[in-house]
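Okay, so here's the structure we're looking at.
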Amino acid sequence: MPFNKFERMDKFDPYEECPCGSRKKFKFCCFQSAKDDEKTSAEKFKGYSDKRIQHEANKKWEDTDFKICLGFTKNECRPLIKSAHALQNNRILNRISEQGHVFNISSNISKKGIDADFKKISKNKASTFFGFCDFHDNKLFKPIEQKEYKNEEIQNFLFGFRGFCLEYHRKIRKLNTLRNNFKASPGFMLSPIAVQLYRNSEFDIADSQTEYETFRKDYFNKDFNKLRTIHRRLKKEVEFAVSSSFAVKDDLHGNVINDIYSVNSEIVPNIHVNIFPRDGETVIILSYHNNYDSIYSKYFDELKELSDEDLEKHLNFLVINYTENIFFSPRLLKKLSDEQKRSLLVSFQSSMDAQKTYELNKDGQFFNFNLFS
Ligand SMILES: [Zn+2]
Ligand SMILES: [Zn+2]
């Protein structure tokens, strides 16, 4: 465990590992430079233009990209790590693209804060990450790449696993971004907000490691049925696609399922969500591992009973609130009114900003759009 209960959520202990990632004790590593830098670190960015702030943020994110193979049989790995698609390029992205392009949501950082906007990207780049070697990207996912989806257990397992891997890779990059920020501006190591972000990021990764090991064990034992899956087909094609894993905070009635801010929860597990169109219909695959029945079984029991319409409404909320790995067809954006687009973007941001949620609710604009219509 990276964290024990003697440590504080908002402060680094002098004798814990330095958050710069050096593995030395904080006290004997960056502690002094943190103190020297404390006053200046917050001031440093004040002279920056918005463009420079955005540029630096983009660069910091790019710097953390890394290659890994998350395939299970390490002895079969090939040296080439490909840029793998979490959403199938030919089957799925092709269907929602127009002239080879789709849209996603990108966050723009400025002095005023963070703003979200739609960003056009090539479908060849959408949902890609360096998470599998050449061999595993082909072999491991054969049952979903080369066969139509038929709600087979192994297919549900692989869809869940791939979305999970994309988010796992992102989480590691997020932690490394925080470490790089600390190295560049050690004063932030004394900021309670920055320390909390770092702690949460470490928890996230520890939880993901546990889930990854579970996927691995199940794969070798062929226990594909341990992933409880809800599979639903809609008789229409949606104009977006999503593949992701995330921890759901509240159930359908607003009761807390996972307290993601609590250090007492043993693990905050994910559910795995895949939604995509195909020939005249939409496939919805929702799953979680039955190790976490005590957390998610009631929630899934209720999801299962929902009508198509109510399930759509809930998923409309989930996929905008919890993930960035969602891609929209240019056709969908043409269909949405300006007001609906605005609502979508601000609702997306509201997951990190309680004030925004309050304002949206006040104006009747909180999730005032329907991706499924
Ligand atoms: Zn250090
Ligand atoms: Zn491999």
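Numbers below:
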| quantity | calculated |
| --- | --- |
| Set Leu80, Leu70: member being free of Cβ contacts under 8 Å to residues at least 60 places away in the same chain, more than 16 Å from ligand 1 (Cβ to nearest atom) and within 29 Å of Phe220 (Cβ to Cβ) | Leu80 |
| Any hit, segment 57-67, residues being closer than 19 Å to Lys171 by Cβ, β-branched (Val, Ile, Thr), more than 16 Å from ligand 2 (Cβ to nearest atom) and open to solvent by less than 60 Å² (accessible area, probe 1.4 Å) | yes |
| Residues that are in contact with a helix residue (DSSP H, G or I) (Cβ under 7 Å, 6 or more places away or on another chain) and without any contact (Cβ under 8 Å) to a residue 24 or more places away in the chain, drawn from segment 351-367 | Lys356, Thr357, Leu360, Phe366 |
| Scope segment 118-134; condition within 27 Å of Pro330 (Cα to Cα), outside any strand (DSSP E or B) and of a type outside the set (A, V, I, L, M); matching residues | Lys123, Asn124, Lys125, Ser127 |
| Filter result for Asp37 (assigned to a helix (DSSP H, G or I) and open to solvent by less than 70 Å² (accessible area, probe 1.4 Å)) | yes |
| Some residue of segment 92-105 being on the phi > 0 side of the Ramachandran plot, touching a Lys or Arg at 6+ places or on another chain (Cβ under 7 Å) and more than 16 Å from ligand 1 (Cβ to nearest atom) | yes |
| Any hit, segment 238-248, residues being out of contact with any strand residue (DSSP E or B) (no Cβ under 9 Å at 6 or more places or on another chain) and crowded, with 21+ Cβ neighbours inside 10 Å | no |
| Some residue of segment 91-102 being of a type in the set (Gly, Ala, Ser), away from ligand 2 (no atom under 16 Å from the Cβ) and under 30 Å from Ala57 (Cα atoms) | yes |
| Residue identified as over 22 Å from Phe348 (Cβ atoms), in contact with a Gly (Cβ under 7 Å, 6 or more places away or on another chain) and at pLDDT 95 or above among Ser243, Ser287 | Ser287 |
| Qualifying residue in segment 155-171 (condition: in a helix (DSSP H, G or I), touching a Cys at 6+ places or on another chain (Cβ under 9 Å) and of a type in the set (Asp, Glu)) | no |
| Residue match in segment 41-50 (condition: of a type in the set (Gly, Ala, Ser), within 30 Å of Asn156 (Cβ to Cβ) and touching a residue at least 60 places away in the same chain (Cβ under 8 Å)) | no |
| Complete set of residues in segment 341-358 that are surrounded by fewer than 13 Cβ atoms within 10 Å (Cβ to Cβ) and among the hydroxyl-bearing types (Ser, Thr, Tyr) | Tyr358 |
| Exclusive hit being in a helix (DSSP H, G or I), within 21 Å of the chain's Cα centre (by Cα) and of a type outside the set (Ser, Thr, Tyr), set Asp137, Asp115 | Asp137 |
| Residues located in segment 302-332, provided they are closer than 19 Å to Glu167 by Cα, without any contact (Cβ under 8 Å) to a residue 60 or more places away in the chain and of a type in the set (A, V, I, L, M) | Leu315, Ile320 |
| Within segment 128-153, considering residues that are of a type in the set (S, T, N, Q) and open to solvent by 60 Å² or more (accessible area, probe 1.4 Å), the one farthest from ligand 1 (Cβ to nearest atom) | Asn151 |
| Elements of type strands (runs of 3 or more DSSP E) contained in segment 262-334, each with 2 or more residues being of a type outside the set (Val, Ile, Thr), under 16 Å from Ile96 (Cβ atoms) and touching a helix residue (DSSP H, G or I) at 6+ places or on another chain (Cβ under 8 Å) | 271-278, 326-328 |
| Flag if Glu43 is among the acidic types (Asp, Glu) and surrounded by 16 or more Cβ atoms within 10 Å (Cβ to Cβ) | no |
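For (1) open to solvent by 60 Å² or more (accessible area, probe 1.4 Å); (2) under 17 Å from His253 (Cα atoms); (3) in contact with a strand residue (DSSP E or B) (Cβ under 8 Å, 6 or more places away or on another chain), each residue gets a yes or a no:
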position: Lys298; (1), (2), (3): yes, yes, no
position: Glu312; (1), (2), (3): no, yes, yes
position: Thr323; (1), (2), (3): no, no, yes
position: Leu332; (1), (2), (3): no, no, yes
position: Asp338; (1), (2), (3): yes, no, no
position: Leu360; (1), (2), (3): no, no, no
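The values are calculated or read from the model by the stated rules, or taken from the named source; none is laboratory data. Keep in mind the model is a prediction, meaning the values are calculated, not measured. Using ideal geometry, Cβ is built from the backbone for each residue, glycine included, and neighbour counts are taken over all protein chains shown. Ligands, DNA and RNA are stripped out before the accessible areas are found, and what is left, the full protein with its side chains, is counted by its heavy atoms. Shrake-Rupley method; radii C 1.70, N 1.55, O 1.52, S 1.80 Å.
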